[in-house]
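See below for the structure under consideration.
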Amino acid sequence: MRVITLEEHFTTASAVRTTGATRFADLQPKLLDLAAGRIADMDEARIDLQVLSLVSTGIDALDAATATSLVRDVNDELASAVRAHPTRFAGFATLALKDPHAAAAELDRCVTRLGFPGVLVDGTTGGVFLDDPSFLPVFEAAAHLNVPVYLHPAPPPEPVRQAYFSGLPGDLGFLLSIAGWGWHAETGLHTLRLIVAGLFDRFPTLQLIIGHMGEGLPYALARSSGILSAAAPHLRQPVAAYFQSNIHLTTSGYFTHPPLRCAIEVVGLDRLLFSVDYPFSSNMRGRSYLDSLGGLLSPEDMAKLTHRNAESLLRLQPI
């Protein structure tokens, strides 16, 4: 059975040099590898195709011109890796969102000239959520190009970090601000903001992907939708309904059954896609999890989770 994963990260020497990124130094060899070592890790876990995206590396801290130049180089390097291994890699575009018009143009280039099937964006930009009208050119471009936007977490803005995640011993504050909780809470909040701001009414065909089994939203969706929908008569449908028309979830980094059962019951298997979150999670851990689902999913549903939904959403060539 073909296995496609969608939240799988890389970096480049130019990105490390320009941003001065120092976090995750122990994983840097795996992040930099866009060839044999990465493919060997995939082969061990029987993963056929990774859709690659730049790990959050501090692009938001750069000025707009420097960031725009950097992401062009990153996208070109990723495109080169995809051309070298077209059956093993695909790419999500990286954008520099401080200049939304330049970002929209770069997205167009990545899709029409480099062949990327989508784009991944990280958290807030300059502390501003992406429902701000200044970012509309990017979403307009994605809708026009018919490619999905993967909304990925990023480190919190400094005021949020100070208020919510300071004063704890060692690395606990940092870890709490990312995968320990903060990433998921903020991305769930971000998704709800995009819905209630009317983004998907403005662009009804726009498709959003969120990872980590829905960033806690499936568990909370009935209550959130009930509260927010009643206060949002401008929306064309209840908040929860957008998870049937515009939003998809991946399993990235979540390897237990209860969150998957919840996501299936609330959102449905047709909008779920398998992912690992490599190299922050190991491919073999993802494979072990996938192998454990035989008693939970039918062969048809397993095929949807592992490749058919991804092939449809990203318009990837079936094998």
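The values are calculated or read from the model by the stated rules, or taken from the named source; none is laboratory data. Just so it is clear, the model here is predicted, and its values are computed rather than measured. Don't worry about glycine lacking a Cβ; one is built from the backbone with ideal geometry, like all the others, and counts go over all protein chains shown. The accessibility values were calculated without ligands, DNA or RNA, using every heavy atom of the protein model including side chains. Shrake-Rupley method; radii C 1.70, N 1.55, O 1.52, S 1.80 Å.
Figures for the structure shown
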item: Flag if LEU168 is farther than 24 Å from LEU34 by Cα, part of a loop (DSSP other than H, G, I, E, B) and either among the small types (Gly, Ala, Ser) or open to solvent by less than 20 Å² (accessible area, probe 1.4 Å) (or both); result: no
item: Residue in the range 301-308 that is out of contact with any Phe, Trp or Tyr (no Cβ under 7 Å at 6 or more places or on another chain), under 30 Å from ASP33 (Cα atoms), open to solvent by less than 30 Å² (accessible area, probe 1.4 Å) and of a type outside the set (A, V, I, L, M) present; result: yes
item: Residue in the range 4-24 that is surrounded by fewer than 20 Cβ atoms within 10 Å (Cβ to Cβ), out of contact with any Asp or Glu (no Cβ under 9 Å at 6 or more places or on another chain) and within 26 Å of MET213 (Cα to Cα) present; result: yes
item: Helices (runs of 4 or more DSSP H) enclosed by the range 1-104 - at least 2 residues per element that are in contact with a strand residue (DSSP E or B) (Cβ under 8 Å, 6 or more places away or on another chain), closer than 24 Å to SER312 by Cβ and aromatic (Phe, Trp, Tyr); result: none
item: Residue pairs meeting the criteria (Cβ under 6 Å; at least 6 apart or on separate chains; first among the β-branched types (Val, Ile, Thr), in the range 131-145; second in a helix (DSSP H, G or I) and open to solvent by less than 60 Å² (accessible area, probe 1.4 Å)); result: VAL138/PRO100; VAL138/ALA103; VAL138/ALA104
item: Pair list, Cβ under 6 Å, 6 or more apart: the range 278-293 residue under 22 Å from PHE10 (Cβ atoms) and in contact (Cβ under 8 Å) with a residue 24 or more places away in the chain, other residue open to solvent by 10 Å² or more (accessible area, probe 1.4 Å) and among the small types (Gly, Ala, Ser); result: SER281/GLY253
item: Restricting the range 257-277 to residues that are part of a loop (DSSP other than H, G, I, E, B) and of a type in the set (Gly, Ala, Ser), the residue that is least open to solvent (accessible area, probe 1.4 Å); result: SER275
item: Filter result (under 30 Å from GLU44 (Cβ atoms), among the hydrophobic types (A, V, I, L, M, F, W, C) and under 19 Å from the mean Cα position of the chain (by Cα)) within the range 55-99; result: VAL55, VAL74, LEU78, ALA79, VAL82, PHE89, ALA90, PHE92, ALA93
item: Looking only at the range 53-65, and only at residues there that are in contact with a helix residue (DSSP H, G or I) (Cβ under 8 Å, 6 or more places away or on another chain) and among the small types (Gly, Ala, Ser), the one that is surrounded by the fewest Cβ atoms within 10 Å (Cβ to Cβ); result: ALA61
item: Extreme residue, surrounded by the fewest Cβ atoms within 10 Å (Cβ to Cβ), among residues of the range 173-223 that are in contact with a strand residue (DSSP E or B) (Cβ under 9 Å, 6 or more places away or on another chain) and small (Gly, Ala, Ser); result: GLY188
item: Conditions (1) in contact (Cβ under 8 Å) with a residue 12 or more places away in the chain; (2) on the phi > 0 side of the Ramachandran plot: number failed by VAL121; result: (2)
item: Residues satisfying the stated conditions in the range 224-256, i.e. assigned to a helix (DSSP H, G or I), hydrophobic (A, V, I, L, M, F, W, C) and open to solvent by 10 Å² or more (accessible area, probe 1.4 Å); result: ILE227, LEU228, ALA230, ALA240, ALA241
item: PHE280 vs. criteria part of a loop (DSSP other than H, G, I, E, B) and either aromatic (Phe, Trp, Tyr) or buried (at least 21 other Cβ atoms within 10 Å of the Cβ) (or both); result: yes
item: Output for the range 27-52, where each listed residue is in contact (Cβ under 8 Å) with a residue 24 or more places away in the chain and open to solvent by 70 Å² or more (accessible area, probe 1.4 Å); result: LYS30, GLU44, ARG46
item: Test: residue in the range 10-30 that is within 19 Å of the chain's Cα centre (by Cα) and at positive phi; result: yes
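Table: residues versus (1) more than 17 Å from GLU7 (Cβ to Cβ); (2) open to solvent by 20 Å² or more (accessible area, probe 1.4 Å).
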{"position": "ALA79", "(1), (2)": "yes, no"}
{"position": "PHE129", "(1), (2)": "yes, yes"}
{"position": "SER134", "(1), (2)": "yes, yes"}
{"position": "HIS152", "(1), (2)": "no, no"}
